[in-house]
Amino acid sequence: MAENDNKPLDPKISFLCEMFENIDIDVLIELVQSNKEASIEQLVEKCLILNETADKKKPDLEPQQTEFVSEVTLVPIFTQDESEVELDSSSEQEKNMQIDPPDTLFEILFEHVQDMKSKRSLKTILACVNTCKKCLTNILKNPANDKFRMIKRDHPMVQSKILSVPGGLEFFEMVGWTDSDGLLLFSNGDVAEIFNISQSLENLVETFTVEKEQEQAKLLVEAKAVGGKGKRKAPVLATSPSKKKLTAEEVRERRLAALSEGTTKVDSNYQGRGPRAGRKYKPGKKNFKQDLKHLRKSKARKWSNQRGRRKRVFTMNDIAELTTQDKDYASKGLERNDFLNNIGKEALRLTNEFRAEQGLQPLLWSQPMADVGLVHSRDMGDGRVPFSHQGFHERVKQFPHRSVSAAENVAMSHGLSSVAKTAVDGWIDSPGHRKNLLSKHRWCGIGVYRNASGAYYLTQLFAVF
């Protein structure tokens, strides 16, 4: 025992030593070590069994002592002499005044719960009691850990199961919790007293659980008596009389009757399709609600079809193809159909015919390039620059994409009927311009300008993006 005295005892062993002083401490240590996974309640039950076994082996016990052992409570037992009890009677009375015995605490809590039942359902009150019991169980399992003795008031569990229940906070205070600075604190460090309080709460839960089951059984009996065969009769709701479904001929007759503006009698209770009684039917009047419904359906159908055709998995070739499509869209630009722009397109058509005779692919029209050429044609027509290729490199930089290769042809005609044909024929007859017409470019834009004197200036640009 000297070796054990130098080491602090396990909290479970200390608790059992205080409660069962008539059992040898070596027996208690062996009991706790052989049942390490057992809870404190299970250890107490085993100690009670040991007491009963020892009681059977001692038949000469006094009647008063036998009754005390058989009706043992969970309050720690003191085996002091009568003289010591008399000396400490004042301190014992003060202790009894501070902490209620288990039976008295159960009665106080029971009366408080009865008052709470008038304001909330029994199910809600049981949730509050079980919450309190769970908190005390955590303290019993970890008596040295202070975090289980503090509960924040703003915690969702506290708000829903304690503070929102009328009398819930008072219930916790009766058990031993104190409200201080936004915290619920439990300062009682006596493990035996905490265990007694927990047992009182467990008895309280069992009592009201039985009461709840009895109430449910009573309601079930009443439901069987009313509905028969265990089924409650559904409440009878007042329903409107069912309307007779009209045939196609009847609907047609009633519509014709409404169109005749009341020459034929129309049923005033008619609620089917078509105009109602007393209203003039206007066939040309728009039904915005119906139009909106059709529009919504068409939009949904279009979106669904596009979503179904949309590709879900993309390869590197698909990404390259999409990049090329975006690039071609920017190179092509927006469509324009004015007079001078159409002259440029006509010149491109004649250019492609000449390229086709030479076995070359046709050039594609680029409106952004035509707009760049139009600026140079306007500058030449208004005399700001000479009739030449001045500023060609600056124009190439204004293309929608960076060009690998670029070329330019310019032309001027005055007083001729076919401006586009005259310009293309002149380019074909010129070796340098002919070389540009037959080059391996892909895009072409022709900007056409007519000055005040009636002269036409054309700037043809070629590029490969």
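Miscellaneous remarks
- Length available on full extension from ARG336 to VAL27: 0.36 nm per residue minus the Cα-Cα distance, which gives 100.7 nm.
- Among the trypsin sites (Lys or Arg not before Pro) found in segment 95-185, those both in a DSSP coil and sparsely packed, with 11 or fewer other Cβ atoms within 10 Å of their Cβ, are LYS119.
- Given in Å, the Rg to one decimal and the Dmax to the nearest whole number for the Cα atoms of segment 178-217 are 15.2, 45.
- Summed residue charge, Cβ within 11 Å of GLY189's Cβ, Lys/Arg positive, Asp/Glu negative: -2
- By a 1.4 Å probe calculation restricted to protein chains, TRP303 has an accessible surface near 140 Å², given to the nearest 10.
- Within segment 332-396, GluC sites (Glu not before Pro) in DSSP loop having at most 10 other beta-carbon neighbours inside 10 Å: GLU335
- Neighbours of ASN409, meaning other residues whose beta-carbon lies under 11 angstrom from its beta-carbon, give a summed charge of +1 when Lys and Arg score +1 and Asp and Glu score -1.
- Potential lengthening between ARG120 and HIS401 on full extension [0.36 nm per residue; Cα-Cα distance subtracted]: 93.5 nm
- Cut-off 9 Å between beta-carbons: net charge of the residues surrounding ASP179, Lys and Arg +1, Asp and Glu -1: -1
- In a simple Cβ point-charge model (Lys, Arg +1; Asp, Glu -1; nothing else charged), segment 140-233 has a dipole of about 920 debye relative to its Cα centre.
- Loop-located trypsin sites (Lys or Arg not before Pro) in segment 380-465 (DSSP state not H, G, I, E or B) with no more than 13 neighbouring Cβ atoms inside 10 Å: ARG384, ARG402, LYS440.
- Across the cross-link table entries LYS46/LYS133; LYS345/LYS440; LYS244/LYS289; LYS345/LYS397; LYS46/LYS212; LYS117/LYS218, which are compared at the Cα atoms, the separations over 28 Å belong to LYS46/LYS212.
- Placing dummy labels 7 Å off each Cα toward the beta-carbon, the span from TYR329 to LEU360 is 3.0 nm.
The values are calculated or read from the model by the stated rules, or taken from the named source; none is laboratory data. Please read all numbers here as calculations on a predicted model, not as lab measurements. We place every Cβ from the backbone using ideal geometry, glycine too, and count neighbours over all the protein chains shown. Heavy atoms of the whole protein, side chains included, go into the accessibility calculation; ligands, DNA and RNA do not. Shrake-Rupley method; radii C 1.70, N 1.55, O 1.52, S 1.80 Å.
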